[in-house]
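Where a number appears in this text, it was derived from the coordinates with a stated rule and is not lab data. It should be emphasised that the depicted structure is a prediction, and the values quoted were computed from it without experimental measurement. No Cβ is skipped: glycine too gets one built from the backbone with ideal geometry, and neighbour counts run over all protein chains shown.
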Amino acid sequence: MNPKILILGPPGAGKGTQSERLADDFGVEHVTTGDALRANKEMDISDMDTEYDTPGEYMDRGDLVPDVVVDAMVGEALSDVEGFVLDGYPRNGDQAEALREMTDLDVVLVLDVPEEELVDRLTGRRVCEDCGTNYHVEFNRPEEEGVCDECGGDLYQREDDDEESVRNRLSVYHDNTEPVLELYADHDGYVEIDGDQTPDEVWEDVRAAVEAEA
């Protein structure tokens, strides 16, 4: 079985964690927008009538990469894999329409988590400055406070994980990405998952949904 899975949900819902488990358990590729862009930074997009000729030029300047470029990157990433779990895309209706043209999905998983729980999760996140491992001040503490278990690096709070930034990111999600859920509501493989559980409990629901729908 090589299911084609889309996983949706707000920042902090646990999409990355569950995507990694799906990739391992079902033997499919974990495709994220960020990975697709990084893997194709030097792709020639001069025929797209965009400001820059490669995605990397947008990324190096910190500019938002246009939808048409993101669509092309994701399409390239999906073109040579039999099964996948797609995480972080689509972020708006236009991207959802582009995805519809790229591939047929077997399962659409939506992780549902209350707003205040998302704020707690994101503001409590700590990241290793050396290896990037994630921790949480409440749910996933390192053995030694402020020190990464994996490499001994220092842990820090990302600037976009302070409460003001987190609430702004959630607002952007509600405005731009939440309407995408409605576009998939009539999909045969659409399943809402209670994301306000332990990661293991969420995983049991996620795996059962994929096995039932794929």
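General remarks:
- Net charge in the neighbourhood of ARG169 (other residues with Cβ under 13 Å of its Cβ; Lys, Arg +1, Asp, Glu -1) is -4.
- Mean separation of Cα contacts under 8 Å, 6 or more apart, over the residue count of the chain: relative contact order %: 28 percent
- Evaluating kT/(6 pi eta Rh) at 37 °C and 0.692 mPa s, with the Kirkwood radius of the chain over Cα pairs in the Stokes-Einstein relation, gives 179 µm² s⁻¹.
- Amide H contacts for ILE193 (H built 1.01 Å from N in the peptide plane; partners 5 or more residues away or on another chain; cut-off under 5 Å): VAL110, LEU111, ASP112.
- One chain, two ends: THR50 and ARG141. Fully extended at 0.36 nm per residue, the span grows by 28.3 nm beyond their Cα-Cα distance.
- Charge tally in the Cβ shell below 12 Å around ASP94, where Lys, Arg are +1 and Asp, Glu are -1, ASP94 excluded: -2
- Under the simplified labelling scheme, the VAL172-CYS151 pair shows an inter-label distance of 2.6 nm, with each label point 7 Å from Cα along Cα→Cβ.
- Applying 1/(1 + (r/R0)^6) with r as the Cβ-Cβ distance of ASP200 and LEU64 and R0 = 45 angstrom yields a FRET efficiency of 0.80.
- Label-to-label distance, ASP188 versus CYS131, with points set 7 angstrom from Cα along the beta-carbon direction: 4.4 nm.
- Selection from TYR190, ALA214, VAL69 lying farthest towards where the dipole of the stretch 68-214 points positive, charges on Cβ: VAL69
- A simple spin-label model places the labels of MET43 and VAL119 3.8 nm from each other, with each point 7 Å out along Cα-to-Cβ.
- Under the convention that each Lys and Arg Cβ holds +1 and each Asp and Glu Cβ holds -1, the size of the dipole of the stretch 42-198 around its Cα centre is about 260 debye.
- Summing +1 for each Lys or Arg and -1 for each Asp or Glu among the other residues whose beta-carbon sits under 11 angstrom from that of VAL81 gives -3.
- Estimated from helices alone, the mean residue ellipticity of the chain at 222 nm is -12500 deg cm²/dmol (sum of -39500 (n - 2.57) over DSSP H runs with n ≥ 4, per residue).
- Contour minus Cα-Cα distance for ASP162 and ALA208 (0.36 nm per residue): 13.1 nm
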